[in-house]
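Working notes, structure below.
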Amino acid sequence: NVIVVMLDSLRADHLGCYGNSWIKTPNIDSFAKEATVFERAYAEGLPTLPVRTALLTGKYTLPNRGWQRLEPTDTSIAEILWDKGYRTALITDTYHMHKPGMGYSRGFDTVIWIRGQESDPHIVDPSVKVDLNKWHEKNWCTPQYSKNIERQKKSFIQYLKNRHWWRSEEDHFVARVFKAAAKWLEEQVKEGVKDRIFLWVDSFDPHEPWDPPEEYYKLYAPPEYQDKPIIWGGGLTRDFTDLELRHIRAQYAGEVTLVDKWVGWFFNKLKELELWENTLIILLSDHGEPLGEH
């Protein structure tokens, strides 16, 4: 079996196994002790979609293509496995892969989309209202967005609509992605399939917006920051004060710890299903985040 766990925008220097001393990532660190840890691994292209193109097809993207669909002439790993006796699945909340015409789900036997990340136009019910007064205006109004402030504001409102119904940690995207992946594996095992499984779990977290449950943010929150939350913006130095950047970094760190918790939960499920010992597990990311450090 092969299981790929893609964690979008996860900085290597935010994991204990890569030397971080202040962010809690016990599950990934424990996994790293059993695994081969690559210390000089680099994405072939940037950002989200070009990296997935390279990983799914084995083709270089630079300098010939950028942010685009899979070409009809591309052959993805799922298509290669199509007649090799494998059961394949893609389970993801990375909505850029789901946009019309992109084709990243091609060849998989099962595809499960967890809708609503970022500005995914998932909930379009006009009766769903959001209160922007709870959020710092720098989520949509900074020099970075000077030419399209209204578009960014609209994107932010869309995200708030998508998550307006959340009540607990299990409603967050990363929890729903890994629970869906575990459910799919449980179904395979119930059917007697424990071998020749290829599962691609693609979690958009810890990509922004960074809005982990409050208890995760408080692990790292600067006590002197008393303003409204900033969860979107990437953390470009020119856009934020030093204190705001510390707040943003704490939001991101909280998101990383949240992701680590659910990675650990998923790995425990693999052990319960007796898939741990005969599965190649590849955990990786596509790129990091600037967080005021470029």
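The values are calculated or read from the model by the stated rules, or taken from the named source; none is laboratory data. If you're wondering where the values come from, they're calculated on a predicted model, not measured in any experiment. So basically every Cβ, Gly included, is an ideal-geometry build from the backbone, and we count neighbours across all protein chains shown. All accessible areas refer to the heavy atoms of the entire protein, side chains included, with ligands and DNA or RNA removed. Shrake-Rupley method; radii C 1.70, N 1.55, O 1.52, S 1.80 Å.
Observations on the model:
- Furthest towards positive pole of dipole, 12, 256, 128, structure part the chain, Cβ charges: 128
- For residue 30 and residue 129, the FRET efficiency from 1/(1 + (r/R0)^6), where r spans their Cβ atoms and R0 equals 45 Å, is about 0.55.
- Once percent of Cα pairs over 34 Å apart is calculated for the structure shown, the corresponding label among (i) 51; (ii) 20; (iii) 34 turns out to be (ii).
- Calculated diffusion of the stretch 1-50, Stokes-Einstein form, Kirkwood radius summed over Cα pairs, 10 °C and 1.306 mPa s, µm²/s: 127
- Sum of side-chain charges, residue 186 neighbourhood, beta-carbon under 11 Å (Lys, Arg +1; Asp, Glu -1): +1
- Angle in degrees between helix 48-57 and the longest Cα principal axis of the chain, rounded to the nearest 10: 10
- Probe 1.4 Å, accessible area per residue of the chain, Å²: 49
- Relative contact order, whole percent, for the stretch 1-69 stands at 18, derived from Cα pairs under 8 Å and 6 or more residues apart.
- Between the stretch 18-83 and the stretch 108-130, the alpha-carbon center distance in angstrom: 24
- Cross-link partners of residue 161 among lysines (Cα-Cα below 21 Å; sequence separation of 8 or more within a chain): 99, 129, 134, 138, 153, 228
- Result for the chain in a Gaussian network model with C-alpha springs under 10 Å: among 32, 41, 180, the largest mean-square fluctuation is at 41.
- Computed about the Cα centre, the dipole magnitude for the chain is approximately 560 debye when only Lys and Arg (+1) and Asp and Glu (-1) carry charge, each at its Cβ.
- Axis angle, to the nearest 10 degrees, between helix 242-272 and the longest C-alpha principal axis of the chain: 20 degrees.
- Residue with peak Gaussian network fluctuation, the chain [Cα springs, cutoff 10 Å], from 72, 229, 47: 72
- Computed about its Cα centre, the charge dipole of the stretch 169-265 is approximately 300 debye, with only Lys, Arg, Asp and Glu carrying charge at their Cβ.
- Computed on the stretch 1-128, with alpha-carbon pairs under 8 angstrom and 6+ residues apart, the relative contact order is 14 percent.
- Förster radius 45 Å - calculated FRET efficiency between residue 219 and residue 83 (Cβ-Cβ, nearest 0.05): 0.40
- Tail weight of P(r) past 21 Å, computed on alpha-carbon pairs of the stretch 122-254, percent: 52
- Inter-label distance, residue 73 to residue 195: 3.9 nm, where each label sits 7 Å from its Cα along the C-beta direction.
- The stretch 1-89: C-alpha gyration tensor shape, a/c 1.5 cut-off, then a/b vs b/c: oblate
- Carbon and sulfur %, accessible surface of the stretch 209-265 computed with the full protein complex present, 1.4 Å: 53
- Residue among 212, 126, 222 with the largest mean-square fluctuation in a Gaussian network model of the chain, springs linking Cα atoms under 10 Å: 126
- Sequence-distant contacts, meaning Cα pairs under 8 Å at least 6 residues apart, place the relative contact order of the chain at 31 percent.
- Point-to-point label distance, residue 277-residue 183, nm (Cα→Cβ direction, 7 Å offset): 3.0
- Note on the chain: helix-only mean residue ellipticity at 222 nm, from DSSP H runs of 4+ residues weighted -39500 (n - 2.57) and normalised by residue number, equals -10000 deg cm²/dmol.
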